[in-house]
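Heads up: the structure comes next, in structure tokens.
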Amino acid sequence: MAGAGYKNFVDGDILTATQVDTYLMEQAVMVFANSTARTTALSGVVAEGMISYLQDTNAVEKYDGTSWVAIVAGDIEAVVAGTGLTGGGSSGSVTLNLDTASVYVVPAQAGHSGKFLTTDGTSSSWATVAGDIEAVNAGTGLTGGGSSGSVTLNLDTASVYVVPSQTGNSGKFLTTNGTSSSWATVDALPSQSGNAGKYLTTDGTSASWESVTTDPTPTVFLLMGA
């Protein structure tokens with residue numbers, strides 16, 4: 001039967017019908033006109049590992065123990081390494097590789113967030129961004145700063161006068177109590193219409209126009225000499 005392997009016959013061996021079937025017929029590439037002829041000829045003796053050639057389809061097939069399947073043969077004659085690749089070949093099992101001498105491969109990015117890509121002239125790597133500032137000094141109107149680590153600058157409110165928020169203070173004027181500034185309302189003059197000849201006065205809360213009055217009883221001043 002197919003799969004019996006190889007037998008070395010020597011001079012004087014008796015070649016039996018079973019040996020012919022097992023080592024010659026069933027293990028040869030058997031040629032048939034078509035699959036129907038093959039089925040008829042091998043009925044009852046078909047076994048896994050048999051190989052046949054069908055003349056009508058030019059197909060080489062093998063029996064896998066269940067059915068006849070095609071023995072796939074490719075028509076690639078060579079694998080040539082193109083630009084950026086090395087390796088290849090025209091026989092056997094070939095391998096292609098990336099040509100790292102001509103293709104610049106970016107190193108793994110995991111764990112390098114915020115870094116920049118640099119090179120030493122031979123290979124590339126990720127490096128931390130580093131500036132050349134040696135110190136941050138607090139100038140006029142500022143406080144803070146430093147020469148190492150993460151530094152912060154703040155507005156020096158003791159020397160810089162900060163204008164309070166202007167939102168909702170339209171028409172007001174800026175004033176101070178000697179310590180802090182604020183917006184205050186302008187005391188506007190009362191309407192002047194119809195108040196000709198009057199004078200402006202206040203009761204300590206609001207201003208108003210008042211008429212000038214005279215004393216109806218004249219006062220006589222006697223000037224006497226010595």
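Among strands (runs of 3 or more DSSP E) entirely within the stretch 63-165, having at least 1 residues that are farther than 30 Å from residue 183 by Cβ singles out 68-70, 85-89, 96-98, 116-119, 124-127, 142-146. In the set (1) touching a residue at least 24 places away in the same chain (Cβ under 8 Å); (2) in contact with a Gly (Cβ under 8 Å, 6 or more places away or on another chain); (3) not in a loop (DSSP other than H, G, I, E, B), residue 60 fails one condition alone, (2).
Mind checking which residues of the stretch 166-180 are assigned to a loop (DSSP other than H, G, I, E, B) and not small (Gly, Ala, Ser)? Quick ask: steps written out before the conclusion?
Residues of the stretch 166-180 that are assigned to a loop (DSSP other than H, G, I, E, B), as a first pass: 166-172, 177-180.
Across the stretch 166-180, the qualifying residues are 166, 167, 169, 172, 177, 179.
Screening residue 84 on (1) farther than 30 Å from residue 98 by Cβ; (2) surrounded by 11 or more Cβ atoms within 10 Å (Cβ to Cβ); (3) not aliphatic (A, V, I, L, M) shows it passes everything except condition (1).
What number of residues within the stretch 18-42 satisfy the criterion of being assigned to a loop (DSSP other than H, G, I, E, B) and under 28 Å from residue 8 (Cα atoms)? Reasoning before the result, please.
Filtering the stretch 18-42 down to residues assigned to a loop (DSSP other than H, G, I, E, B) leaves 26-28, 33-34.
Restricting the remaining residues to those that are under 28 Å from residue 8 (Cα atoms) gives 26-28.
Final tally of qualifying residues: 3.
Of the numbered criteria (1) over 30 Å from residue 93 (Cβ atoms); (2) at pLDDT below 90; (3) surrounded by fewer than 11 Cβ atoms within 10 Å (Cβ to Cβ); (4) β-branched (Val, Ile, Thr), the one residue 72 fails is (1).
The values are calculated or read from the model by the stated rules, or taken from the named source; none is laboratory data. Here the structure is a predicted model, which is why all the values come from computation and not from measurement. All Cβ positions, glycine included, derive from the backbone under ideal geometry; neighbour counts span all protein chains shown.
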